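Encoded as structure tokens, the structure appears first; notes follow it.
The values are calculated or read from the model by the stated rules, or taken from the named source; none is laboratory data. This is a predicted model, so every value here is computed, not measured. Counting neighbours? That spans all protein chains shown, and the Cβs are built from the backbone with ideal geometry, glycine included.
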Amino acid sequence: MKIAIFGAGQLAMMMIQAVHQKKHEFIVVDPSTRPPASHYTEHMQADYDDSTIIKEIGENFDIATIDFENVSVKAMRELEKYIPVHPSSHALDICQDRLKEKNLFRKLNINTTEYYEINDLDDLKKNLNKNKHYILKSRRFGYDGKNQYRIKPDIEIKTDLIKQDCILEELVDFEAEVSLICVKATNGDVYYYPLVENHHKNGILSMSRYPSNYTFLQNKAQDIAEKLLEAMNYIGVLVIEFFVNSNKELVANEMAPRVHNSGHWTIEGSSLSQFSAHIDAISGSHDYKKSITFKPSVMFNILSKHITNEKAEALKSKFDISLHDYHKAERMNRKLGHLTFTCENKKELDINIKEIAEVIQ
Ligand code: AMP
């Protein structure tokens, strides 16, 4: 099949790497110069809403997908007049806006934190309760902890964020963060991966591990996912991020309408990586009857600075690790690559996580 991917970052790169042998033909569209996926396939350097490009792709490709959720919804609506876009412009429209996303959770009776629509300072003042902690987030373009501001009782609020449309969330006192990777194929078949446990530093994912300590929440997470997939008429990989609160209940935080950083471990840790799963689902070549297997795994993001060759060699000589390089220049808090360690049992995973983390951090 001829598949166009909007966004040519590491996610597009890993989709292409995952299914190379199946001989799909890929093109990536991205305004930046030499993005990660351009090392593996043809790159159209253009804005995502360039109408000439949309027409050209619509006339020459079979399906389109994304590696970046903030592509123009209007452009994807235009493209849908020619070819299927997975996930659809409707799903993107919801997932691009934290308010629409939370309103959908509320409509479907999915547990989420208390939140308020904030359009100006008056809205903010009106909704703050003096004794509570909050987090103010821009409705759009917030990722990796960007465009977020924490509000503590009795501390003066100093932020420009309020100039944008925002959402105010009560801070959740969570004991863990978990995510559920779901995939729905064009014929309606659905597969749910086991819950992954995630750790963040400064709002950026630093580590994901499977198995999580919350396997008892798997069915509840799947029930929530089923409602969301249905409500958005969703096709492809959808990732739902949850907090686990002090009562060990799931509190939905946000959704990613794409393959996700918390699923990178599935490349080595599963017989079906999230990247293959996404491309198979949207191209109609999935097979969830085949048993899908998993190995205890941990994924660490490599942020800001590349890992030195000496460190990489030292790790490889001792552990079963795989290093992924995104071909990016170093920059503060930029995701430059990741490392996955897989092993035979959970005990081995628990023993080795700390040592690996110390070497790379
Ligand atoms: P987000 O961009 O919404 O995923 O936020 C990034 C990270 O900030 C999350 O993974 C949490 O660690 C933290 N965070 C975001 N929203 C909340 C909240 N309402 N309560 C507590 N922590 C939060």
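For (1) modelled with pLDDT of 90 or more; (2) out of contact with any helix residue (DSSP H, G or I) (no Cβ under 8 Å at 6 or more places or on another chain); (3) exposed (fewer than 12 other Cβ atoms within 10 Å of the Cβ), each residue gets a yes or a no:
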position	(1), (2), (3)
GLU313	yes, yes, yes
ILE321	yes, no, no
MET332	yes, yes, yes
ASN345	yes, yes, yes
GLU358	no, yes, yes
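Residues are listed down the side, and each one gets a yes or a no for (1) in contact with a helix residue (DSSP H, G or I) (Cβ under 9 Å, 6 or more places away or on another chain); (2) more than 26 Å from VAL73 (Cβ to Cβ); (3) among the hydrophobic types (A, V, I, L, M, F, W, C); (4) touching a residue at least 12 places away in the same chain (Cβ under 8 Å):
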site	(1), (2), (3), (4)
ASN202	no, yes, no, yes
LEU217	no, yes, yes, yes
VAL239	yes, no, yes, yes
GLU254	yes, no, no, yes
SER297	yes, yes, no, yes
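Looking for something in a loop (DSSP other than H, G, I, E, B) and over 23 Å from ASN261 (Cβ atoms) - is there at least one such residue anywhere in the stretch 189-212?
We begin by selecting, within the stretch 189-212, every residue in a loop (DSSP other than H, G, I, E, B); these are 189, 193-195, 202-203, 211-212.
If we keep only those that are over 23 Å from ASN261 (Cβ atoms) as well, we get 189.
Yes, that holds for at least one residue.
When the residues of the stretch 19-48 are narrowed to those that are over 22 Å from ILE235 (Cα atoms) and acidic (Asp, Glu), which ends up surrounded by the fewest Cβ atoms within 10 Å (Cβ to Cβ)?
From the stretch 19-48, those over 22 Å from ILE235 (Cα atoms) are 21, 30-47; that's our starting set.
Next cut, acidic (Asp, Glu) only: 30, 42, 47.
Working: ASP30: 25, GLU42: 10, ASP47: 13.
Among those residues, the one meeting the criterion is GLU42.
Which pairs do you get when a residue that is under 14 Å from PRO31 (Cα atoms), found in the stretch 1-14, comes within reach of a residue that is among the polar types (S, T, N, Q), reach meaning Cβ atoms under 7 angstrom, with the pair 6+ apart or on two chains?
So the pair list comes out as ILE5/THR65; ALA8/SER38.
Where in the stretch 1-68 are there strands (runs of 3 or more DSSP E), lying fully within it, with 3 or more residues that are more than 18 Å from the chain's Cα centre (by Cα)? Give the derivation first.
Working: elements: 2-6, 25-29, 42-44, 63-66.
Per the criteria, 2-6, 25-29, 42-44.
Need pairs with beta-carbon distance below 8 Å; first residue closer than 16 Å to ILE94 by Cβ and at pLDDT below 90 and within the stretch 134-151, second more than 8 Å from the ligand (Cβ to nearest atom) and not hydrophobic (A, V, I, L, M, F, W, C); sequence gap 6+ or separate chains.
Pairs found: PHE141/ASN70; PHE141/ASN147.
Conditions: (1) farther than 30 Å from ILE63 by Cβ; (2) in contact (Cβ under 8 Å) with a residue 24 or more places away in the chain. ASP350 meets all but one. Number of the miss?
(2)
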